[in-house]
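In what follows, a structure is listed as structure tokens, so that the remarks can point back to it.
The values are calculated or read from the model by the stated rules, or taken from the named source; none is laboratory data. Not measured: the values here are computed from a predicted model. Neighbour counts are summed over all protein chains in view; Cβ atoms, including those assigned to glycine, are modelled from backbone coordinates with ideal geometry. Each accessible area value is taken on the protein alone, full model and side chains, heavy atoms only, with ligands, DNA and RNA left out. Shrake-Rupley method; radii C 1.70, N 1.55, O 1.52, S 1.80 Å.
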Amino acid sequence: MLQAIADGILSGSIIALGAIGLTLTMGILRFANFAHAELVTWGAYMALGVLALTGAFMGPLEPFSFGVPLIMATLVAMVLTAALALAIDWLVYRPLRGRANHLTLVFGSFGVSLLVRMIILLIFGGGAQYYSNTLQIAIPVAPGLRILPDQVFTLGLTAVIVVALHLFLQKTRLGLAMRALAENPELARVNGIDTKVVVRWTWIIGASLAAISGVLYGLTVQLRPEIGFHLLLPLFAAAILGGVGNVFGAVIGGLIVGLAESLSVLVIPAGYKLAVPFMILLLVLYIRPTGIFAGTVGGAK
Amino acid sequence: MTAPLLAVDGVVAGYRPDLPIIHGISLTVAPEEMVTIIGPNGAGKSTLIKAVAGILPISRGTVRLAGKEITNLPTHRMASVSMAYVPQVANVFTTLTINENLKVGATALSKEDAARRIERGYEAFPDLKKFRHKKAGVLSGGQRQMLAVARALLTEPRLLMLDEPSAGLSPLMVSDVFQRLKALVDTGVAILMVEQNAKAALAISHRTYVFAEGRNRIDGPSQEMASNEEVTSIYLGAGGRKR
Amino acid sequence: MTGFAAYLVFFLIVALTYSIVVMGLNLQWGYTGLFNAGVVGFFAIGAYGTAILIGPDRAHLIGGFGLPFPVGVLGGMALCAVAALIVGMATLRLREEYLAIATFGIAISIQLVALNFESLTGGAQGLVGLPRPLFGLFDSPASYNLFYLGVVAAVAGLVFLALETAVRSPWGRVLKAVREDETAARSLGKNPAAIRLEVFVLGCVLMGLAGGLYVGFIGYVSPLDFLPILTFQIWAMLIVGGSGNNLGAVTGAIGVWALWAMSGLAISRLLPVAYQSQGGAIQVILIGLLIVVTLIFRPRGLIGESDSVSKHTGAR
């Protein structure tokens, strides 16, 4: 039970990082980006690629399984993931943005998600991979509860990122512009905000967080081309549960989805774990479509 | 006559290029002049202002500000040509605080200028200062209008465009808003506004344009227009709501 | 029959089955603007529903009611309607993309049920040895396949005629109104959410019908026949054919399925064994490219879309 809660919080924090980017893009770009979860996969594999090219030329930083190389690789992966997001925006979403039916964008992202997943499969192959072959020893912290140092790192990093992002949105001009744009794009332009610039930064931030989320997933679980496909529903569930456009909500939503997935195994067969986010999603849509914390762009029409 | 500040010439515009709402409208606004546009529903009054502000695409005709062509100006660059626009509804960010609304309005300014001018804005609108850390969503219609105007003035525009500043306000608030606009003109700002409250608009503005079906109908000094038979019978009698 | 002719019959049966799915999706997307990201889920519900109802009784399985094939298909379609109602009622009064997300969710969930609920679905092995309707009346599998092609073609033809009649009826004009100007539709006294729900359920029921026909032809169901890629393939068929055009939907189904089959053949013939899995990825990439490129450059589809319904996918 205790272990399930700890595991749930861990996977919840990874979902939360992905969901923050998704909720920002859904709130600011105003469409459900089916390709967002693929950015998570892309980020994870880009870090793997950088590690493979540079080699693990330094030992791990005890007690973690990774060292400076993975941290550097993650930074590169963030840049490469942001680059992919911007390239997709320019190549696919920009030409579709003017169309009368905005679902055309959703459709486009749906096609893009397949392309990104298959390109990763083509480059890296379909098998499971790991950043490091070092086996970590779980530290017993309480009866029936063991935690890996990497998991503690994951939690700590998530907390730091969430606080930093909150300060960014509250205190900086760009953060303010993002919140203004999420509420009313036309009024934002009237106020002198260049929406193109804000959209660009939204992609960069969302994609960078997705990359971190992917690396943490790879670190604590494993790397597979299907990471994104399996994360898509949890991310959407977390973003909608927390209120679309609401960063804090996405974090709480992510934790709830992670915990629910992890605790569900105590009641239903493990095979159905992936359906839990869907159940949460349906429940939210039936009971409170604006999410727990009404987002800037609520679900109701 | 002095050279116009704003010169709109034969503008055709609408939400879609193939479906124009205004079909060749022309008008001018002189420096420090207050001009109103009146007309029945669907006359294209708001469309014209939105086209000048770069919100709606112009498919033919030109817009000049102080002699410089600004046709299809990107909306976010309005401040750079010394122009500001206050939309009719949804004219403030309800999820941001009053202070944040003003900060967003000062996007085009340096941080130092922004802080200084926001302070000056609070001096001009002391009510806003009281609520500075409240969400704009809690403000009344009149207070929102004040906030929207205060925000538009941050960039010190030479031309201020307003879409129905009196919409949804009590008669008392209407006269308050109009007095403030009048005072603004005295400080050197030119105003172009759309009004459905034709009587009040004719009473305070210098000149008035009447639009009908997306075209210029008649125009002239507001005093003359107020006694023009056509205007009085059609527009002052039945003050139809603008869409 | 020669090998090629036999293959052609087989190919056409599958392509025409998919064309029914595409027509269902066309009703949702092409005529009403509903985005269904879980097409494969509804196809699978129809297939599994049919299989469970017509299958022979087996001790270790819950299903196996041995019902006649048409009853089984109708049952599968009814199950589809229920699933569509659950998803539709949750989402159709909300932002449009919520339907897309929820349908994606139901497809994942159905996949999980197919894999894990072994006593109902047979798990990874699936349900095998299902009776094929009227199989006993034919002396060879080839002549049976020819007969089944006739059945599928007749059903697809009926669906086509019914949809063409429906979209030209007053009901069809309401769909267009709902899609293009919701306020206008409401002012005509139509409830857009209710119309959307009708269309969504009807489209999903057609997908279920196709699922049932598919089972009757192959005689078994397994999770491998309902992989997520099928949703993308169906979408590719629709957008290539031109959404809002039923003839295009059928043509797109045959065209894209032919492309898929030929590219698969080319990969298995030309690529060394070691690279076969990469070849499969390339095949899927082609489907993704087909969707994205058509969407950007030929929003009316490669084959064409009738003008009356072109506005929403067309450029402004």
Q. With charges only on Cβ, +1 for K and R and -1 for D and E, what is the dipole size of region C:8-227 about its Cα centre, in debye, rounded to 20?
A. 460 debye
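Ignoring ligands, DNA and RNA, what percent of the accessible area of region A:1-81 is carbon or sulfur (1.4 Å)? Can you show the working numbers first?
On the way: 2100 of 2660 Å².
Looking at region A:1-81 in its full context, I get 79 percent from C and S.
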Q) Which whole number gives the average, over all residues in B:81-94, of C-beta atoms from other chains lying within 10 Å of the residue C-beta? A) 3
Q. In degrees from 0 to 90, rounded to the nearest 10, what is the angle of the helix B:171-186 Cα long axis to the longest principal axis of chain B?
A. 90 degrees
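Accessible area per residue of the protein assembly as shown at 1.4 Å probe, in Å²? Please report the intermediate quantities before stating the final value.
Numbers: 34430 Å² over 860 residues.
Per residue, the protein assembly as shown has 40 Å² of solvent-accessible surface.
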Q: Over both sides of the A-C contact, add up the buried accessible area with a 1.4 Å probe and give it to the nearest 100 Å².
A: 4700 Å²
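Can you pull out the trypsin sites (Lys or Arg not before Pro) in region B:112-188 that DSSP calls coil and that have at most 16 other Cβ atoms within 10 Å?
Qualifying residues, ordered by number: B:Arg132, B:Lys134.
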Q: For region C:218-301, report the convex hull volume of the alpha-carbon atoms normalised per residue, in Å³, without decimals.
A: 113 Å³
(Q) Give me log10 I(q)/I(0) at q = 0.08, 0.10, 0.14 Å⁻¹ for region A:2-287, Debye formula, one equal scatterer per alpha-carbon, no solvent. (A) -0.33, -0.51, -1.01
Q | Nonlocal amide H pairs with B:Leu162, under 5 Å, H built at 1.01 Å | A | B:Val86, B:Leu192, B:Met193, B:Val194
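Where Rh is the Kirkwood radius over the Cα pairs of chain B, the temperature 20 °C and the viscosity 1.002 mPa s, what D in µm²/s does Stokes-Einstein return? Write out the running numbers ahead of the final one.
Details: Rh = 18.2 Å.
The estimated diffusion coefficient comes to 118 µm²/s.
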Q: Mind grabbing the accessible area of B:Asp186 for me, 1.4 Å probe, Å², rounded to tens?
A: 120 Å²
Q) Of C:Ala59, C:Ala78, C:Ala102, which is the most mobile in a GNM of chain C whose springs link Cα atoms less than 10 angstrom apart? A) C:Ala59
(Q) Which three extents, in angstrom, do the Cα atoms of region B:24-85 have along their principal axes, listed largest first? (A) 33, 27, 19
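Using only the C-alpha atoms of region C:1-132, find the volume of their convex hull and express it per residue in Å³. Intermediate values should be presented prior to the final figure.
Working: hull volume 16.9 nm³, N = 132.
Here the figure is 128 Å³ per residue.
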Q | Max mean-square fluctuation residue, GNM over chain B, Cα-Cα springs under 10 Å, options B:Leu159, B:Leu184, B:Leu48 | A | B:Leu184
(Q) Could you tell me the center-to-center distance, by alpha carbons, between region B:124-180 and region C:84-130 in angstrom? (A) 52 Å
Q.
Can you find, among C:Ala59, C:Leu197, C:Ala81, the residue sitting farthest towards the positive end of the charge dipole of region C:8-227, where Lys and Arg contribute +1 and Asp and Glu -1 at Cβ?
A. C:Leu197
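Let me know the number of lysine pairs in chain B closer than 15 Å at the Cα, not counting same-chain pairs under 8 apart. Working shown, then result.
On the way: B:Lys45/B:Lys242; B:Lys50/B:Lys242; B:Lys103/B:Lys111; B:Lys103/B:Lys129; B:Lys103/B:Lys134; B:Lys103/B:Lys135; B:Lys199/B:Lys242.
Lysine pairs satisfying the spacing and distance rule in chain B number 7.
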Q. For helix A:2-28, what angle does its Cα long axis make with the longest principal axis of chain A, in degrees from 0 to 90 and rounded to 10?
A. 20 degrees
Q: Distance between Cα centroids, region C:247-261 to region B:199-236: provide it in whole Å.
A: 63 Å
Q.
Going Cα to Cα from A:Lys171, which aspartates and glutamates come in below 16 Å? Please leave out same-chain ones fewer than 8 positions away.
A. B:Glu100, B:Glu112
Q: Please calculate the 1.4 Å probe accessible area of B:Phe125, with all protein chains present, and give it to the nearest 10 Å².
A: 20 Å²
Q: Could you work out how far the C-alpha centroid of region C:25-83 sits from that of region B:34-62, in angstrom?
A: 55 Å
Q. Kirkwood hydrodynamic radius (Cα pairs, Å) of chain C?
A. 20.1 Å
**Q.** Largest-first principal axis extents, alpha carbons of the protein assembly as shown, Å
**A.** 98, 71, 47
Q. When the distances between all Cα atoms of region A:191-301 are binned every 10 Å from zero, what whole-number percent does each bin get?
A. 13, 38, 34, 12, 2, 0
Q | Per-q log10 I(q)/I(0), region C:78-216, q = 0.13, 0.17, 0.18, 0.21 Å⁻¹ (Debye; single scatterer per alpha-carbon; no solvent) | A | -0.78, -1.07, -1.13, -1.28
Q | Helix axis angle, A:195-220 relative to chain A longest principal axis, alpha carbon, degrees | A | 20 degrees
**Q.** Expected 222 nm ellipticity per residue - DSSP helices of 4 or more, -39500 (n - 2.57), all of chain A, to 500
**A.** -22500 deg cm²/dmol
Q. Tell me, what is the 1.4 Å probe accessible area of B:Ser46, in Å² to the nearest 10?
A. 20 Å²
(Q) Which residue fluctuates most in the GNM of chain A (Cα springs below 10 Å): A:Thr290, A:Thr74, A:Thr104? (A) A:Thr104
Q | 1.4 Å probe, heavy atoms, protein only - residues of region A:33-53 losing at least 50 Å² accessible area vs chain alone | A | A:Phe34
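Given the rule -39500 (n - 2.57) for each run of at least 4 DSSP H residues, summed and divided by the residues of chain C, what is its mean residue ellipticity at 222 nm, to the nearest 500 deg cm²/dmol? Spell out each step's value before the answer.
Working: 12 runs with 219 residues, N = 316.
That calculation yields -23500 deg cm²/dmol at 222 nm.
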Q: Find out how many positive minus negative residues lie around A:Arg117, taking Lys and Arg as positive, Asp and Glu as negative, among other residues whose Cβ is under 13 Å from that of A:Arg117.
A: -1
